[in-house]
Amino acid sequence: MELLEPADGFQHPRFEHGCSPKADANGSELKAGNTVIAATERASCSLDNYLVLPDHTMDDRIAEARRELGRDCVVLGHHYQRDEVIKFADYTGDSYKLSQLSAQADGRYIVFCGVHFMAESADILARPDQNVILPDLNAGCSMADMAEIGQVEGCWEQLEGMGITALGRGITPLTYMNSTAAIKAFCGERGGLVCTSSNAGAAFRWSFAKSDKILFLPDQHLGRNTAFALGIPLSEMVVWDPYMLNGGTTPERLRAAKVILWKGHCSVHQRFLPEHVDNVRAKYPGIRVIVHPECRWEVCQKADALGSTERLIKIVDAAPAGTMFAVGTEIHLVNRMGKRFAAQGKKVITLDDSGCLCTTMFRISPQHLAWALENLVDGNVVNRIRVAEDVKYWARVALDRMLEVPAA
Ligand code: SF4
């Protein structure tokens, strides 16, 4: 973020006039006139005061807030997060690892430096006394937005109407972690589960052990790549387009298919193309190409290996010195891998020079993190993510099933 240095004499907004009125002796409430205001309703520090400051001026403030909050606060950072933010994370990982960690967190505050669906999942798995905070509420996920609950319910009703759900041993709805809590609850209520890219294969096997078909939401590429790796030919997969009549397909094709793929994708990973693999191989003979399974099937087929972000890191880690990798995933992680593994004599470059950035993940800035943490120090819970109780129950069922299915 390019910001100007503050002018001479600029006063730090928090230490100049404080974030909020002070709490009373028991710290749980304060009085404004005759009104008693609960802790979460106090006036919070204004985010605007932070956004005018440069990134580097946040470092000491974030560290100080972390120190004051101590073990009451855990900061989780997804691998795609920018360096200036992830350096403050207690734990880093992919969404599978972070969901396990958030389920085990002790403190009252879980600050999730990721995107909205991840924070929702953390809230579903959290204890009632825990608060999950997303430093910027605009950090969403374009893939998750591609499957709305009304569309998915409509699809299911049509499948029921065509008799698809009653065929043989039925159909299991399986959703990728990158989906809304409502979609997770939809799957949980119908005997399905959630998966991540770490355990998608195991989740497919779990589903096929009890049913003949899977409805996979919302990422067609992860669904196709996973099913294909399990030996299901492309001819036994069909894409459901929520914007077309009957999903853009026919009852015959739906009856014959083992996997119905929702027409969603990740705008970051879909940018990688087969020619990127050809180009990098031509330019660097002997290079190993490893990609995330959110990439297109054609790209994955040309790659040497596929894997979740955790697995991509492990592949490079296990390689001998002198190995060169082209990695098809989000650019912040690729750059971080490049720096980390250079020390081991390995070279890591991006599969596509134009750089694939997750712009929504990037929204969480040091300023947002400092703002969220300093408000917590002052007793203000800002940007709390709360999933409605009726949604939470079945979403939790689906997530618990996911946590029982091992990662690859
Ligand atoms: S990388 Fe893709 S799937 Fe992941 S959060 Fe960003 S937009 Fe969503």
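The numbers here are math on the coordinates, done by the rules we state, and not lab data. All values derive from a computational prediction rather than experimental measurement. Cβ coordinates were reconstructed from backbone atoms using ideal geometry, including for glycine residues, and neighbour counts include every protein chain displayed.
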TODO: For the chain, set up a Gaussian network in which alpha carbons nearer than 10 Å are linked by springs, and say which option among ALA181, ALA370, ALA119 fluctuates the most.
DONE: ALA370
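Roughly how compact is the chain, stated as its Cα Rg over 2.2 N^0.38 Å to two decimals?
Values: Rg = 23.0 Å, N = 408, 2.2 N^0.38 = 21.6 Å.
It is 1.06.
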Task: GNM flexibility winner over the chain from GLY307, GLY345, GLY140 (Cα, springs under 10 Å) - done: GLY345
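What pairs in LYS263/LYS314; LYS302/LYS346; LYS210/LYS314 have C-alpha atoms more than 26 Å from each other? Write out the running numbers ahead of the final one.
Details: LYS263/LYS314 30 Å; LYS302/LYS346 22 Å; LYS210/LYS314 32 Å.
From LYS263/LYS314; LYS302/LYS346; LYS210/LYS314, over 26 Å: LYS263/LYS314; LYS210/LYS314.
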Open item on the list: If you take every residue apart from LYS392 with its C-beta less than 11 Å away from the C-beta of LYS392, what net charge results, scoring Lys and Arg +1 and Asp and Glu -1?
Closed with: -1
Task: Within the chain, longest stretch clear of exposed trypsin sites (Lys or Arg not before Pro) (DSSP loop, no more than 15 other Cβ within 10 Å) - done: 211-385
Task: All aspartates and glutamates inside 12 Å of LYS258 as judged from Cα atoms, apart from same-chain residues fewer than 8 positions distant - done: ASP212, GLU236
Task: 0 to 90° range, to nearest 10: angle between helix 366-377 axis and the chain longest Cα axis - done: 60
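State whether the stretch 144-266 is rounded, prolate or oblate according to the following rule on the C-alpha gyration tensor (a ≥ b ≥ c being the square roots of its eigenvalues): a/c under 1.5 gives rounded; otherwise a/b larger than b/c gives prolate, and the remaining case gives oblate. Don't skip to the answer; put the middle values down first.
Working: a/c = 1.25, a/b = 1.06, b/c = 1.18.
Judged from the Cα gyration tensor, the stretch 144-266 comes out rounded (a/c under 1.5).
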TODO: Specify the angular offset, from 0 to 90 degrees and rounded to the nearest 10, of the alpha carbon long axis of helix 309-318 from the longest principal axis of the alpha carbons in the chain.
DONE: 80
Task: Within the chain, helix-based [θ] at 222 nm, where runs of 4 or more DSSP H residues each add -39,500 (n - 2.57), nearest 500 - done: -11000 deg cm²/dmol
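How much length is gained on full extension from GLU68 to LEU357, taking 0.36 nm per residue of separation minus their Cα-Cα distance? Could you put the intermediate results ahead of the total?
Values: separation 289, 0.36 × 289 = 104.04 nm, distance 3.31 nm.
Additional length available on full extension: 100.7 nm.
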- [ ] Compute the distance in nm between two label points, each set 7 Å from the Cα along the Cα-to-Cβ direction, one at ASP60 and one at GLU404.
- [x] 5.2
- [ ] Give me the angle, in degrees from 0 to 90, between the Cα long axis of helix 95-104 and the longest principal axis of the Cα atoms of the chain, rounded to the nearest 10.
- [x] 50
